[in-house]
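The values are calculated or read from the model by the stated rules, or taken from the named source; none is laboratory data. This structure is a prediction, so every number in the text was calculated from the model and none was measured. Reconstructed Cβ throughout: ideal geometry from the backbone, glycine too, with neighbour counts over all protein chains shown. Ligands, DNA and RNA are excluded from the accessible area calculation, which covers all protein heavy atoms including side chains. Shrake-Rupley method; radii C 1.70, N 1.55, O 1.52, S 1.80 Å.
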Amino acid sequence: MARGIAGVRAGTYNGGIMRTKITGDDFPDGVLVETTLRCPADCVICPNKKIAARRGDIEWGLFCRVVDECRDGGVSEFHPFINGEPLSWPRLADGLNYLARVLPDTAVHIYTSGHGLDEDMTVKLLGSSVREVHFSIDGFSKKVYEAHRRGLSHERVMANVAAFLRAVRRQGAAISTRAVMTLTEDNRHEADAFRDYWRERVDVVEVLPCDGRGGEGRAPAGDEGRCLPCFQVVSHAYVLSDGSVVGCCKDSVGYSAFGNVATETLGEIWNSPEYRRFREEVSRGAAGGFEVCRRCLSDRL
């Protein structure tokens, strides 16, 4: 089981930015798509409720277009999530079926609070090509959890997750499970209890520092969060619900939009001079010329 801060990939770590080698690949290795902005929670670390400039759900045709292109690009990971709760997307079942048909060898990752993970949703996930489920659970006790995940019930989430884990074991499904806690000043005292509880129940436990969500979250970045590396910027592409392709999962506003899959292919956008320069600058630790990076790492640049 993972302990402490996890998620750092290989590369040189310096000054709060990961220096990572650009491989020259003409298509991202992983793709994240913001399928929906719907979410029953109002979490203190998340900018979701502040996003009003784009539609709540991605258009079905845009989703299919991105998935189709991922097949040709040989994508190894697909994440139907950036901001919002994936289980709240009305077309999730259709989306999972389409992913299974078009990208049968691609690992699909689901990120969820567990609030909507009822028996029907469990059946849908177990019958899909989902290979990893991340549970975002930012506390151990009911009081601390519900103060961070506002609008959700601790009892409901814990019962749903427990039932899902039993179903995974009973079916022998090839699904990895992960419990994730994001640290704030108000929950870090529960980190050890969180680890001890979940390490016997899931495959991976992560306790991560709050990164401030590019300056858009209500909970500020902690000292550890300001030093998190930008390890996925050079290998993953991020498609928002309106089709905009941004350079970072923390860019909920679209400061780093390099194009839109409604009018261009993802490959064209990924290989554009602007996007390539962004990845190259970030990979060598010189991201100060980009607004989204200044907002995220202003005290480190």
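Structure values in brief
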quantity	calculated
Residue in region 219-228 that is assigned to a loop (DSSP other than H, G, I, E, B) and at pLDDT 85 or above present	no
The one condition in (1) open to solvent by 10 Å² or more (accessible area, probe 1.4 Å); (2) among the hydroxyl-bearing types (S, T, Y); (3) modelled with pLDDT of 95 or more; (4) touching a helix residue (DSSP H, G or I) at 6+ places or on another chain (Cβ under 8 Å) that T112 fails to fulfil	(1)
Single residue of region 24-51 satisfying the filter (among the polar types (S, T, N, Q) and either open to solvent by 10 Å² or more (accessible area, probe 1.4 Å) or not in a strand (DSSP E or B) (or both)) that is modelled with the lowest pLDDT	N48
Matching entry among R54, R71, R65, R101 (being among the charged types (D, E, K, R), open to solvent by 40 Å² or more (accessible area, probe 1.4 Å) and either under 28 Å from V202 (Cβ atoms) or touching a residue at least 40 places away in the same chain (Cβ under 8 Å) (or both))	R65
Boolean, A162 is of a type in the set (G, A, S) and touching an Asp or Glu at 6+ places or on another chain (Cβ under 6 Å)	no
Test result for V168, within 18 Å of D138 (Cβ to Cβ), in contact (Cβ under 8 Å) with a residue 24 or more places away in the chain and in a helix (DSSP H, G or I)	no
Residue match in region 75-93 (condition: more than 24 Å from I137 (Cα to Cα) and more than 19 Å from the chain's Cα centre (by Cα))	no
